[in-house]
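The values are calculated or read from the model by the stated rules, or taken from the named source; none is laboratory data. Given the structure is predicted, the values throughout are model-derived calculations rather than measurements. Positions of Cβ are backbone-derived with ideal geometry, glycine not excepted, and every protein chain shown enters the neighbour counts.
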Amino acid sequence: MTSLPALSFRQLRRKAFFAKWSAVDWSEQNVELAAETGLSRERIRQIRHLVGAPKSPHHGSVRKSAKLLQWARDRLEELKGLSAAEVWRKYGLSPHWRAGPLYQFLKPVLRNGKLIRKHRWDLMNFRLPNRDLERIWRLPGNTAGAYRRRNQRPPPVWSFKRGHPQFSGRRQLQAFHRAVSAEKRNAAGYFAQAARAPTSRNRLPSHEQPDSGNKFRAANRAISR
């Protein structure tokens, strides 16, 4: 019996290539596959063509992405400081929006990004004790003290030890309570602003609210018109 000739290294690589990419869900968009595999959208497009997979669904998404980016530029000040989850909920974006160019554009200015700090240290009164700052500004335990040390902030004007004030005098106590009240008002104003619903020009009409089973949600349709 004649044995089959051994496959060359090039043939083996080609066979492995097709085996790998035939298992991919080509019903996804190129942008989604690029995010999952770490490749560029152009490389995914080339592979799609090589393996004979159908065209990327919604292959007009480049034009849609450009409109989404323009939408984000027009509202950049409103979007700054929000978390990615807040942007998704408020504006009804696609569940996969983080895999696209819109998220990459907004990432530096979203909360936890490079330009916007997670906590608004610049608004806090560091004359107050760490425990009061953490309580008023909803900070995790010990974060105010760590930030104070790291940034060489002076110690608080009013301090406590085991719950007892380390200062005396009625005037000092009154000044402390005034500072706490002012800080509460300051923090309440900030949190109210951060949680404020988008204006009517940004909110989607009720008949276009996203459907949980719709992959490309209502905001994308509204913005792309």
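Per-structure values
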read-out: When residues of the range 136-161 are limited to those that are closer than 17 Å to residue 176 by Cβ and without any contact (Cβ under 8 Å) to a residue 24 or more places away in the chain, the one surrounded by the most Cβ atoms within 10 Å (Cβ to Cβ); value: 144
read-out: Close pairs from the range 162-190: first assigned by TED's automatic domain parsing to the domain that holds residue 133, partner charged (D, E, K, R) and at pLDDT below 90, Cβ under 9 Å, at least 6 apart; value: 187/120; 187/138; 190/120
read-out: Members of the range 40-52 found to be touching a helix residue (DSSP H, G or I) at 6+ places or on another chain (Cβ under 8 Å) and not in a helix (DSSP H, G or I), listed by number; value: 40, 51
read-out: Qualifying residue in the range 152-170 (condition: within 22 Å of residue 190 (Cα to Cα) and among the polar types (S, T, N, Q)); value: no
read-out: Test: residue in the range 113-134 that is of a type outside the set (Asp, Glu), over 25 Å from residue 192 (Cβ atoms), in the same structural domain as residue 185 (by TED's automatic domain parsing) and assigned to a helix (DSSP H, G or I); value: no
read-out: Filter pass, residue 20 being exposed (fewer than 15 other Cβ atoms within 10 Å of the Cβ) and not assigned by TED's automatic domain parsing to the domain that holds residue 190; value: yes
